[in-house]
1. Accessible surface of K119 in the full protein assembly, 1.4 angstrom probe, to the nearest 10 Å²?
2. Once Lys and Arg get +1 and Asp and Glu get -1 on their Cβ, which of A558, A158, T401 lies farthest toward the positive end of the dipole of the chain?
3. Would you mind putting 95-106, 556-567, 271-282 in packing order, based on average other-beta-carbon counts within 10 Å, highest first?
4. Run the numbers for A96 and R562: contour at 0.36 nm per residue of separation, minus the present Cα-Cα distance, in nm.
5. For the pair A316 and K751, how long in nm is the line joining their label points, each one 7 Å along Cα→Cβ?
6. What net charge do the residues around L506 carry, taking every other residue with its C-beta under 12 Å from that of L506, with Lys and Arg at +1 and Asp and Glu at -1?
7. Using only Cα atoms, figure out Rg for the range 176-320 and give it as a multiple of 2.2 N^0.38 Å.
8. Only Lys, Arg, Asp and Glu count, each charged at its Cβ (+1, +1, -1, -1), so figure out the dipole size of the chain about its Cα centre, rounded to 20 debye.
Amino acid sequence: MCSSFLNPLRRQRGCFFLIRGLALLASACASAVAAEPLKLWYNQPAAQWVEALPVGNGRLGAMVFGGIHQERIQLNEDTLWAGGPYDPANPDALAALPEVRRLIEAGDYAGAQKLAAEKLMAKPMIQMPYQTVGDLMLTYSGSDNAINYRRELDLDTAVATTRYDIGGGAWGVTHVREVFASPVDQVIVIRVSALRGGRHGQLNVTLGASSPQQAQTRTEGDDVLILEGRNGDAVGIAGRLKFQAKAKVILDGGSLRADGQRIHISDARSATIVVAAATSFRRFDDVSGDPAALNDATLAALAGKTYEQLFTAHVAEHQRLFRRVAIDFGRTASADLPTDERVRRFATENDPALAALYFQYGRYLLISSSRPGTQPANLQGIWNDSLFPPWGGKYTININTEMNYWPAEITNLSECVEPLFKMVEELSHTGAKMARDHYGASGWVTHHNTDLWRAAGPIDGPQWGLWPMGGAWLTTHLWEHYLFNGDREFLKRAYPLFKGATQFFLDTLVTEPKHGWLVTSPSISPENAHHGEVAVVAGPVMDTQILRDLFAATIKSAEILRVDADFSAKVAAARAKLPPDQIGAQGQLQEWLEDWDAQAPEPNHRHTSHLYALYPSDQIDVRRTPEFAAAARRSLEMRGDDATGWAIGWRINLWARLHDAEHAFGILKLLLRPERTYPNLFDAHPPFQIDGNFGGTAGIAEMLLQSHGGEIQLLPALPAAWPTGSVSGLRARGGFEVDIAWKDGRLTEAKIKSLNGNATRVRYGDTTRDVKLPAGETLVWSGK
């Protein structure tokens, strides 16, 4: 980047730019870097939001459109949601619960669902939506007739760049804009310049702001633009947040003039705009913060820092995480095309480099939307331009939030899960009240969605929301974190959450009369009806599978920490009474206790909830439980391959766990097509949901490396489309870091580095080695 606020030179990947008007050289260099493997790039501005390019630091997000006459930079701050702290408990729920259970036991599922809709659902029955801050607009004087246009997102530096020329020859003006969200300085940084004929002083642009919120804009002096206001109400919950975005302009040459609403930049060489944003949110039950004071402190901390310092600190922190993993599937001529064109062609042309780019894009998005101290990545990560986004942009915890974090551990981004752990801790508080008020139980419970305020009640309607397993599923991520990292201190933090979630189910499981099994009631198999529009039931298979994992994690954690032996014995006894998985008449893994799969109204339903045991769990495995693996395969065949974006992402992982490389790759091709991937590579449900991106990244990782059942499996589902390649820096359970290289479809070398000194078994095909390495040592496995 520029060596200071005043430096006109830029070096990038072997191309050296003298930005003072050398449009010809810039264009040549742009062609030279067109096929760089870690860039998304385009020949035109974004015409719609899903074409804009995302930057983020976990807390702040921006979507960069790359406009010519007018640049739009849409802003998000991760605590700007509608409403305020609220208690969604329904005072009628506890009294009605026994009758709902009685109706279920009697087989009157429709009656149970009707009563549940009347008495058991949260109040309000809709949670609060995630919301936009608004837009910064940079309006340029002059023509829209641009040449040599290019906009790009460099995943390696986390910088979005727009470059184009207005006019040509000696009088042509080269415009350059660079945008990044610094995780170090907690600001969005926008660098703009305009150069003519080797001379500076051609930047003439007006900075303004707008928002759909209850907000106003004003200026302070000539160099500060402020957008501030309050969040909105939603479904009867009053908005209680204040927010502010504050942009400060640092000018190089020229002049600034404010008119009370906008800032006008005239005849400047360049300008750097730093944007701080904050709300009054402090935690889910405290909105007493001062966003103006927070922004003032953030901007004051930048005093004396040059642009080069901001940029260098940002890149170093981003690359600390991003560069842990490298991947190469080879490249073809398709890699030279703009990214949107590559998506259009992926299903029919060989473009292995796009799969590698998509993998790294998922890692980029997770780094950009979830860091320690921020909120977790929601349905849209951190990016949203609406007051009421699809499904509220919330945390849907019957699959979507969990999928957001599937790639975190295996792709070496363990720190990025910390916001999820913090949310689980907070849910254990709100969920404890929900457990008492709705179930008369101890412990804690959360249903299928939550929001910034950590609402824990069942919402939307019983056929979607009457599912008490959301918190239980979330806790499995804490156990996975321990399996990958072996951090005993973290386990001490996690164990009370396991215990509380487990205690709720010890208090609420009911005895199924036919076999004496312990089952949940009422519940659903997420969002899938078994008869007509009726979904309410007792003991859906996914519930049991999650409980097996939760109870096992609780028991094992207590054993490791040497606590609660008596409680563990109770948990083990309950676990032994859970229903077994069952194989139905069509050879499929049953979704419910009864064999209803064939008659369910949506045979191609997007959710594959009953296959949780295959992935993300490892209860079903092709070697250890081949009969159930075959039944899971049959269920997948019955469901079909095509689905919503995130559901396709789940299917990639499931087929990878079945070691069916070609089927997994075929589904990846379904994901990487225009119907399921937008031009900016955002996942299309449709509409946009970020979970599909993360599911796709996790699926690619699972095709290359698996580490369940006490084994590290090398290249378990390598497709023919990636005959030669390499990946480095993946993580395996047990505390290992793994590099793999292959040629002509065969392993050539693998390096397995032990981080904790644990024993494991390494497998490639039918060949295995049992190894126990001291911490820090590496096993080198030759493919010969």
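The values are calculated or read from the model by the stated rules, or taken from the named source; none is laboratory data. Here the structure is a predicted model, which means the values were calculated and not measured. Positions of Cβ are generated from backbone atoms using ideal geometry, with glycine treated the same way; all protein chains shown enter the neighbour counts. Keep in mind that these areas ignore ligands, DNA and RNA; they rest on the heavy atoms of the full protein, side chains included. Shrake-Rupley method; radii C 1.70, N 1.55, O 1.52, S 1.80 Å.
1. The accessible area comes out at roughly 70 Å².
2. It is A158, whose Cα lies furthest towards the positive end.
3. Values: 95-106: 16.0, 556-567: 14.1, 271-282: 23.7.
Going by the mean number of other Cβ atoms within 10 Å, highest first, we get 271-282, 95-106, 556-567.
4. Values: separation 466, 0.36 × 466 = 167.76 nm, distance 4.00 nm.
This chain segment gains 163.8 nm when fully extended.
5. Here the modelled spin labels are 2.5 nm apart.
6. On the way: positive: K499, K570, R575, K577; negative: D507.
Cβ neighbours under 12 Å give a net charge of +3.
7. Numbers: Rg = 17.0 Å, N = 145, 2.2 N^0.38 = 14.6 Å.
In units of the globular-protein estimate, the range 176-320 measures up at 1.16.
8. So the dipole magnitude of the chain works out to roughly 1660 debye.
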